[in-house]
Amino acid sequence: MVDLGIPQVPLTLGPRRVSRQLKLGHDDRAVLVGGGAPVSVQSMTTTVTADVNATLQQIAELTASGCQIVRVAVPSADDAEALPQIARKSQIPVIADIHFQPRYVFAAIDAGCAAVRVNPGNIKEFDDKVAEIAKAAADAQVPIRIGVNAGSLDKRLLAKHGSATPDALVESALWECSLFEEHGFQDLKISVKHHDPVVMVSAYRKLAAACDYPLHLGVTEAGPFFQGTVKSSVAFGVLLAEGIGDTIRVSLSAPPAEEAKVGIAILESLGLRQRRLEIVSCPSCGRAQVDVYKLAEEVTAGLDGLEVPLRVAVMGCVVNGPGEAREADLGVASGNGKGQIFVKGKIVKTVPESKIVETLIDEAMRLAEEAGEEGETGKPVVVTA
Ligand code: SF4
């Protein structure tokens with residue numbers, strides 16, 4: 001295999017929390033969650049689930065973006081009726097998201113969904129149905145996520161704690177788990193989402209210490225793309241660095257595929273997934289002798305979709321430029337209207353500024369091809385910490 005020069009991602013984070021393992025799905029689409037499995041990325045469709053074609057189209061887009069598990073909302077009987085077709089045709093495991101109506105839990109299990117998410121605060125008479133749900137889920141080997149959300153916390157706990165505190169969220173989740181445990185059902189996954197990363201982190205830490213169920217991380221209602229990305233990255237970063245979290249969903253007021261891409265980037269940044277294309281570009285400053293923003297954007301756009309792990313340095317001057325360019329697989333140090341092109345630490349050519357982008361793209365493609373010829377699949381290599 002061609003060594004592209006990128007060192008294997010060092011496992012500098014703490015050890016992963018030991019959790020039970022769940023299997024979402026029963027065929028070759030199945031994804032393992034917890035128990036040392038790689039942290040997986042989830043998202044949720046925004047289509048009306050009953051619109052099967054639109055929902056499957058969005059799932060296909062999510063799959064293409066790297067999303068590994070998809071959740072679909074089931075607020076009506078029409079949505080429940082669409083589940084068998086969606087579960088059968090989706091390329092990735094489908095989780096049915098059930099609020100208010102316990103009977104849709106049974107419909108989702110019968111439909112072949114890989115898992116069911118229930119919100120204890122929102123399912124009428126949920127507690128009375130646990131025995132039946134546990135039996136149906138156990139018979140079908142369908143895991144259940146207890147998805148506690150600050151915005152829909154059980155009223156009893158809201159009254160007890162005064163607000164959706166970390167303790168209230170954790171108590172709600174563990175209470176519901178205990179109801180399932182009474183019936184011998186432990187294929188559970190938990191989330192305790194809050195819009196405030198500080199509360200969310202505290203809740204997950206408490207939850208992680210109190211049980212060994214796999215945890216689904218999420219900052220709920222995190223906001224539009226920029227704010228939501230920051231909130232989720234910060235909160236997930238803290239928790240994942242402590243080994244907490246088995247699957248993640250970045251919630252954004254943005255298309256679901258964007259959520260998946262952010263989730264993947266978070267895992268790559270933390271070394272929990274093999275990095276793919278990584279652009280090392282300087283912020284530019286008064287010393288810059290080229291338009292670094294434009295250069296970085298054009299190189300990024302030109303290499304979009306490149307799957308092999310490749311670090312490309314785009315640097316604006318000769319101060320840090322040669323050093324960073326030398327350390328990367330491929331790089332440019334710019335100055336005086338020219339760019340020195342580095343490949344694996346060596347200057348291979350000097351080109352005029354107008355040729356920098358195309359030269360970098362050509363060299364990147366050549367390196368990617370070399371890697372492909374040597375058997376590199378280009379698929380992200382997941383680090384199993
Ligand atoms: S590489 Fe040069 S232009 Fe870029 S930030 Fe550093 S000193 Fe400034």
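Kindly express, to the nearest 10 degrees and within the range 0 to 90, the angle between helix 166-181's C-alpha long axis and the longest C-alpha principal axis of the chain. That works out to roughly 60 degrees. Surface composition of the chain: carbon and sulfur make up 52 percent of the accessible area, probe 1.4 Å. Multiplying the residue separation of Lys355 and Val18 by 0.36 nm and removing their Cα-Cα distance gives an extension gain of 116.2 nm. Relative to the compact-globule estimate of 2.2 N^0.38 Å, the Cα radius of gyration of the stretch 270-322 comes out at 1.24. When the alpha carbon gyration tensor of the chain is reduced to an equivalent ellipsoid, its three semi-axes come out at 44, 21, 18 angstrom, largest first.
Angle check, please: helix 256-269 long axis (alpha carbons) against the longest principal axis of the chain (alpha carbons), in degrees 0 to 90, nearest 10. The angle comes out near 70 degrees.
Residues whose amide H falls under 5 Å from that of Ser40, counting only those 5 or more places apart or on a different chain, are Thr247, Ile248, with hydrogens built in the peptide plane. Per residue, the stretch 304-358 exposes 46 Å² of accessible surface when a 1.4 Å probe is rolled over the protein heavy atoms with every protein chain present. Look at where the Cα atoms of the stretch 68-144 and of the stretch 303-336 average out, and the two centres are 48 Å apart.
Each 10 Å bin from zero holds the following percent of Cα-Cα pairs in the stretch 152-281: 13, 39, 33, 12, 2, 0.
Please compute P(r) over all alpha-carbon pairs of the stretch 264-367, binned at 5 Å starting from zero, and give each bin as a whole-number percent. Bin by bin from 0 Å, the calculated values are 2, 14, 26, 26, 18, 9, 4, 1.
When the P(r) is computed for the stretch 36-145, the part past 17 Å accounts for 50% of the Cα-Cα pairs. Here the relative contact order of the stretch 249-336, from alpha carbon pairs under 8 Å that lie six or more residues apart, stands at 25 percent. Only Cα sites of the stretch 110-175 enter the Debye sum here, all with the same form factor; the resulting log10 I(q)/I(0) across q = 0.13, 0.19, 0.22 1/Å is -0.39, -0.74, -0.91, listed in q order. Alpha-carbon geometry of the stretch 195-240: the Rg and the Dmax are 10.7, 33 Å, given in that order. Excluding Gly35 itself, calculate the net charge of residues whose Cβ lies under 9 Å from the Cβ of Gly35, where each Lys or Arg counts +1 and each Asp or Glu counts -1. Charge balance in the 9 Å sphere: 0.
The values are calculated or read from the model by the stated rules, or taken from the named source; none is laboratory data. Just so we're clear, the structure is a prediction, and the values are computed from it rather than from any experiment. Don't worry about glycine lacking a Cβ; one is built from the backbone with ideal geometry, like all the others, and counts go over all protein chains shown. The area values use the complete protein model at the heavy-atom level, side chains included, leaving out ligands, DNA and RNA. Shrake-Rupley method; radii C 1.70, N 1.55, O 1.52, S 1.80 Å.
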